[in-house]
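Here the structure is laid out as structure tokens; the discussion comes afterwards.
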Amino acid sequence: MSRELREATLLHGINAVESALAHDPERVLTLWVDAGRVDKRLGALIEQARSLGVSVQTSSRKALDRRVPGGHHQGVMADYRPPPPLGEGQLLDRVEAADAPLLLVLDGVTDPHNLGACLRTAAAAGALAVVAPRDRAASLTPVARKAASGAADVIPFVPVTNLSRTLGSLKQLGVWVVGAASTAERELYAQDLRGSQALVLGAEGAGLRRLTAEACDVLVRIPISATMESLNVSVAAGVCLFEAVRQRRA
């Protein structure tokens, strides 16, 4: 096995593979397709891969199922060599160079589906990056990439060693750090979200860790019905991010 294949991960799902071919075709090593599936979208994907010089291989659906837990691959997968993640220093350089950057920070989100959904929402809101702890949190796995529906190739995902320290570095660059907490007195809609902002959300149920909450400039809550304790983190991220978008466009 070549070194490239040893370093490769297996992307699956049409959106994830389409995005990789569109944004990073040199990192797509082989496209695998279900020999029994015939449709226009798959045909266009095969043509695109071949035009980019990517090897296209057919396989039975059962063989593809064995390579992806649960078999949710839509008849398409690819051997993909992911780029190295953006480092903290590179993130800070981008923040310093940006005009009123908007960041999404995830504290302790462990479900890759939630991470993928948050990446998709953050990309749709025009956020500069999504930041998360390197340890005890979801990473950019093929499952997260599939859930992101192509957003993983559009918005940087930045895993950091010490989240509280990173938030402190962002504050030194003039970024206002806003944490979401169900116990906060201030409502989200009363908070000024214009200018340089980092919106910090914790895992559903657990919320923000103590050190993370202490590193925030202000805590806000999303007003929800008393019949529910919390929102799914990807939904909460959408509410917060698009309130910032609304305020910036008002």
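Just a few scattered comments:
- Cα-based helix-to-principal-axis angle, 233-249 vs the chain, degrees rounded to 10: 70 degrees
- Label-point separation, Leu173 to Arg249 (7 Å along Cα→Cβ), nm: 2.5 nm
- Span from the the stretch 136-186 Cα centroid across to the the stretch 197-247 one, whole angstrom: 12 Å
- Residues of the stretch 115-129 falling in the label zone of His72, defined by backbone nitrogen less than 19 Å from a point 7 Å along Cα to beta-carbon, are 115-122.
- Label zone at Lys40, where the point sits 7 Å out along the Cα-to-Cβ direction: the stretch 59-82 residues whose backbone N lies under 20 Å: 75-76
- Sorting 213-221, 95-103, 149-157 by their mean Cβ neighbour count within 10 Å, with the most densely packed peptide first, gives 149-157, 213-221, 95-103.
- Charge sum, other residues only, whose C-beta stays under 15 Å from Leu199's C-beta, Lys/Arg counted +1 and Asp/Glu -1: +1
- Positive-pole candidate from Gly43, Gly13, Leu115, dipole of the chain, charges at beta carbon: Gly43
- Per-residue HN-Hα couplings for the stretch 217-229 [Karplus 6.51, -1.76, 1.60; θ = phi - 60°; Hz; x = Gly/Pro]: 6, 8, 10, 10, 10, 8, x, 10, 4, 5, 6, 10, 7
- Sum of -39500 (n - 2.57) over DSSP H runs of 4+, divided by residues of the chain (222 nm, nearest 500): -11500 deg cm²/dmol
- Counting charges near Gly89 (Lys, Arg +1; Asp, Glu -1) among other residues having Cβ under 14 Å from its Cβ returns a value of -1.
- DSSP bridge orientation in the stretch 2-96 - percent antiparallel, rounded to nearest 5: 65 percent
- Cβ-defined net charge surrounding Arg134, 13 Å radius [Lys, Arg +1; Asp, Glu -1]: -1
- Calculated from the structure at hand, Rg and Dmax of the Cα atoms in Å is found among (1) 19.7, 57; (2) 18.7, 60; (3) 17.2, 52 as (1).
- Label-to-label distance, nm, for residues given as Ala63 and Val154 (7 Å Cα→Cβ offset): 3.4 nm
- Under the simplified labelling scheme, the Asp99-Ser51 pair shows an inter-label distance of 3.4 nm, with each label point 7 Å from Cα along Cα→Cβ.
- Given charges at Cβ of Lys, Arg, Asp, Glu: the chain dipole, positive-most of Ser230, Ala100, Ala144: Ala144
- 0 to 90° range, to nearest 10: angle between helix 88-97 axis and the chain longest Cα axis: 70 degrees
- For the chain, modelled as a GNM whose springs connect Cα atoms under 10 angstrom apart, the maximal fluctuation among Leu208, Leu52, Leu91 occurs at Leu52.
- If you sort Ser196, Ser139, Ser182 by accessible surface, 1.4 Å probe, largest first, the order is Ser182, Ser139, Ser196.
- Nearest-ten-degree value, helix 112-124 long axis tilted from longest Cα axis of the chain: 70 degrees
The values are calculated or read from the model by the stated rules, or taken from the named source; none is laboratory data. Predicted model, so just to flag it, every value in this text is computed and none were measured. FYI the Cβ positions are ideal-geometry reconstructions off the backbone, even for glycines, and counts take in every protein chain you see. Keep in mind that these areas ignore ligands, DNA and RNA; they rest on the heavy atoms of the full protein, side chains included. Shrake-Rupley method; radii C 1.70, N 1.55, O 1.52, S 1.80 Å.
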